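Read the figures in this text as sums done on the coordinates, not as results from a lab. A quick note: this is a predicted structure, and the numbers were derived from the prediction, not measured. Please note: Cβ atoms are built from the backbone with ideal geometry, for glycine as well, and neighbour counts cover all protein chains shown.
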Amino acid sequence: MAEWIDISQPLNNQLAHWPGDQSFHYHTPLTKDMTGSVNIGRITTSTHVGTHVDAPFHFLENGKRILDLEIDRYIGPCTLIDLSAFDEINQRALESKNIDAAERLLIRTSLPNRPERFPKDVSPITPDGAAYMKSLGVQLVGVDTPSMDPITSKELAGHHALYQHDIYILENVMLDHVAEGDYELIALPLPLEEADGSLVRAVIKPIKGS
């Protein structure tokens, strides 16, 4: 029986974060010696560190929050492809994989999986790439980078194009150790009612015969 593969970035105090944003920090302010019974940990974090999803409110003032989103988008069959030979995730790059259809798409780029290092450059999703994903039936896309857009972008053309085509966003998945193919995906966000994003535990399992 195929086992689940963890494609999440480990959450620890060395995890890279967006410059100027809140880093992830875990500590244990209450120890078993102090309470007499249990250890109690505390987490301080941004909603956009590690493996996480974006809600439209992240880049739209009146966009949907995490708890407004369809939970079934984050569970189900997905196709993992390697586009590390391309500088952009555009229509030409996607066409190179000859995909007929895909509900969920995970994309490996040329960025090495190094959670402790924040990258200077990523391979962005272009508007024509987002439109082509829509033509394939894609409802969620996941990338192994912290953003769908260039790190310095303020326009966020990739985020907005994906939103216009009703494609959900999953970022910072770890794909270097996973082969191309078809998988089952689980990447559930926390039920954060007002949040613009959420950390997730993302796992995949090969689909039999793929």
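Using the Kirkwood formula over every pair of different C-alpha atoms, what hydrodynamic radius in Å results for the range 5-206?
Working: mean 1/r = 0.0576 Å⁻¹.
Across the range 5-206, the inverse of the average 1/r is 17.4 Å.
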Using alpha carbons only, how many degrees (0 to 90, rounded to 10) separate the axis of helix 127-136 from the longest principal axis of the chain? 80
Going from the fewest other Cβ atoms within 10 Å to the most, one would list 203, 173 as 203, 173
So if we plug the beta-carbon distance of residue 192 and residue 28 into 1/(1 + (r/R0)^6) with R0 = 25 Å, what FRET efficiency do we get, rounded to 0.05? 0.60
For the chain, with a Gaussian network of springs between Cα atoms less than 10 Å apart, report the residue from 155, 116, 184 with the top mean-square fluctuation. 155
Under-5 Å amide H pairs with residue 184, H placed in peptide plane, nonlocal only: 78, 205, 207
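Using 0.36 nm times the number of residues separating residue 70 and residue 44, minus their current alpha carbon distance, what extension gain do you get?
6.7 nm
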Please give the contour-minus-distance gain from residue 84 to residue 176: 0.36 nm per residue of separation, less the Cα-Cα distance, rounded to one decimal in nm. 32.1 nm
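Fewest to most neighbouring Cβ within 10 Å: what's the order for 34, 174, 148, 133?
Numbers: 34 12, 174 20, 148 30, 133 25.
Arranged by neighbour count, lowest to highest, 34, 174, 148, 133 become 34, 174, 133, 148.
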